[in-house]
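To keep things clear, I will list the structure first and then write my remarks on it.
The values are calculated or read from the model by the stated rules, or taken from the named source; none is laboratory data. Predicted model, so just to flag it, every value in this text is computed and none were measured. FYI the Cβ positions are ideal-geometry reconstructions off the backbone, even for glycines, and counts take in every protein chain you see. Areas reflect the complete protein model, heavy atoms only, side chains present, ligands, DNA and RNA absent. Shrake-Rupley method; radii C 1.70, N 1.55, O 1.52, S 1.80 Å.
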Amino acid sequence: MAKHSKKSTNLWSTPAAQVLRATDDTRVEEIDFSLTPGFDGTKADAQELLAERGQVLSALQEKLYANGRSGDLRSILLVLQGMDTAGKGGMVRHVIGLVDPQGVDLASFGVPTKEEREHHYLWRIRNELPGGGKIGVFDRSHYEDVLVVAVHDLVPRQVWEPRFDEINAFEKELVDEGTLVVKVALFVSPEEQRTRLQERLDRPDKYWKYNPGDVTERGFLPQYRLAYQRILDRTNTDYAPWHVIPADRKWYSRLAVTELLIDALERLDLDWPAADFDVEVEKQRLANS
Ligand code: ADP
């Protein structure tokens with residue numbers, strides 16, 4: 001009984017979509033990534049709630065998919081950015097894994113291929129945009145072109161600098177075409193990142209996740225923080241706002257992103273699509289068949 005009442009209590013003191021939304025005052029430097037903003041429960045509470053909310057997410061996603069099948073062009077695009085080991089892969093597995101894979105368009109963006117490099121940086125992104133009724137998930141995104149690219153001077157500043165405005169215009173276009181854009185930046189503390197990298201070196205079943213380059217990138221953490229701050233300062237628009245998620249506790253970041261997706265789907269205010277046939281006539285036909 002106690003368990004039931006606890007489960008039904010709202011463990012969020014402030015909704016995730018509100019408490020995690022970046023503002024003009026958000027300073028990456030000042031965030032404690034081990035905190036669980038807005039959530040008052042324990043790890044066990046969060047895991048229990050995730051299972052429960054996963055069902056809500058799945059039901060909403062089915063409605064989005066059903067509308068898409070009926071010609072509705074609206075979609076959701078979840079943009080996942082984060083430092084190495086911040087948990088983007090786990091997010092796809094544990095959160096996106098809660099919904100029907102038929103309704104998901106997943107794309108990962110790594111170092112651009114030769115063909116991709118021959119095009120504008122948004123070319124490969126446009127090729128992976130979600131269709132109507134889909135939840136698109138970008139594991140890394142066009143933001144790499146103002147993150148890693150800026151941190152490592154892969155192109156001169158005068159080339160990446162105009163990209164912020166270009167990205168805003170691109171996202172405005174997406175939103176105007178019916179895509180609800182949910183941008184998420186996951187942050188881990190340097191200590192937690194070390195622990196996660198250490199685990200990858202200690203466990204043979206995790207070697208495949210280890211990339212020696214990740215240790216090199218640790219040397220650039222201040223530059224990455226600066227680059228993320230620039231993104232928040234320049235691309236946190238009303239139509240495509242950023243959410244900043246402390247990710248030292250995976251159970252929190254996963255629950256938080258689940259809540260952000262539920263919030264996005266609820267904002268679409270979907271109904272089940274109407275039948276494009278006469279229900280009564282069809283019932284009769286079936287009965288007579
Ligand atoms: P992950 O590290 O996320 O598991 P990958 O092994 O595919 O995935 O590597 C992604 C790498 O690709 C990251 O180091 C990232 O910085 C890099 N990357 C992504 N987009 C770009 C880009 N536009 N230019 C240069 N590097 C990029």
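Data overview
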{"item": "Helices (runs of 4 or more DSSP H) within segment 130-225 that include 1 or more residues touching a residue at least 40 places away in the same chain (Cβ under 8 Å) and hydrophobic (A, V, I, L, M, F, W, C)", "result": "148-151, 163-176, 190-202"}
{"item": "Failed criterion for Gly97 (all others in (1) open to solvent by 10 Å² or more (accessible area, probe 1.4 Å); (2) in contact with a helix residue (DSSP H, G or I) (Cβ under 8 Å, 6 or more places away or on another chain); (3) of a type in the set (Gly, Ala, Ser); (4) away from the ligand (no atom under 16 Å from the Cβ) hold)", "result": "(2)"}
{"item": "Matching residues, segment 103-129, being of a type in the set (A, V, I, L, M, F, W, C) and in a loop (DSSP other than H, G, I, E, B)", "result": "Phe109, Val111, Leu122, Leu129"}
{"item": "Segment 46-61, residues that are more than 13 Å from Ala256 (Cα to Cα) and open to solvent by less than 20 Å² (accessible area, probe 1.4 Å)", "result": "Gln61"}
{"item": "Those residues of segment 85-94 which are surrounded by 19 or more Cβ atoms within 10 Å (Cβ to Cβ), near the ligand (Cβ under 10 Å from one of its atoms) and not polar (S, T, N, Q), in sequence order", "result": "Ala86, Lys88"}
{"item": "Val104 being within 16 Å of the ligand (Cβ to nearest atom), touching a helix residue (DSSP H, G or I) at 6+ places or on another chain (Cβ under 9 Å) and either closer than 28 Å to Asp276 by Cα or open to solvent by 50 Å² or more (accessible area, probe 1.4 Å) (or both)", "result": "no"}
{"item": "Cβ-Cβ under 7 Å pairs, at least 6 apart or on other chains, segment 9-22 side part of a loop (DSSP other than H, G, I, E, B), far side among the polar types (S, T, N, Q)", "result": "Ala22/Asn236"}
{"item": "Hey, Glu266 under 26 Å from Leu60 (Cα atoms), in a helix (DSSP H, G or I) and over 15 Å from the mean Cα position of the chain (by Cα) or not", "result": "yes"}
{"item": "Single residue of segment 109-122 satisfying the filter (open to solvent by 80 Å² or more (accessible area, probe 1.4 Å) and within 11 Å of the ligand (Cβ to nearest atom)) that is nearest to Gly90 (Cα to Cα)", "result": "Val111"}
{"item": "Segment 62-84, residues that are surrounded by fewer than 24 Cβ atoms within 10 Å (Cβ to Cβ) and within 16 Å of the ligand (Cβ to nearest atom)", "result": "Val79, Gln81, Gly82, Asp84"}
{"item": "Segment 239-251: number of residues that are within 15 Å of the ligand (Cβ to nearest atom) and open to solvent by 20 Å² or more (accessible area, probe 1.4 Å)", "result": "0"}
{"item": "Qualifying positions in segment 193-238 - away from the ligand (no atom under 13 Å from the Cβ), aliphatic (A, V, I, L, M) and within 15 Å of Ala22 (Cβ to Cβ)", "result": "Ile231, Leu232"}
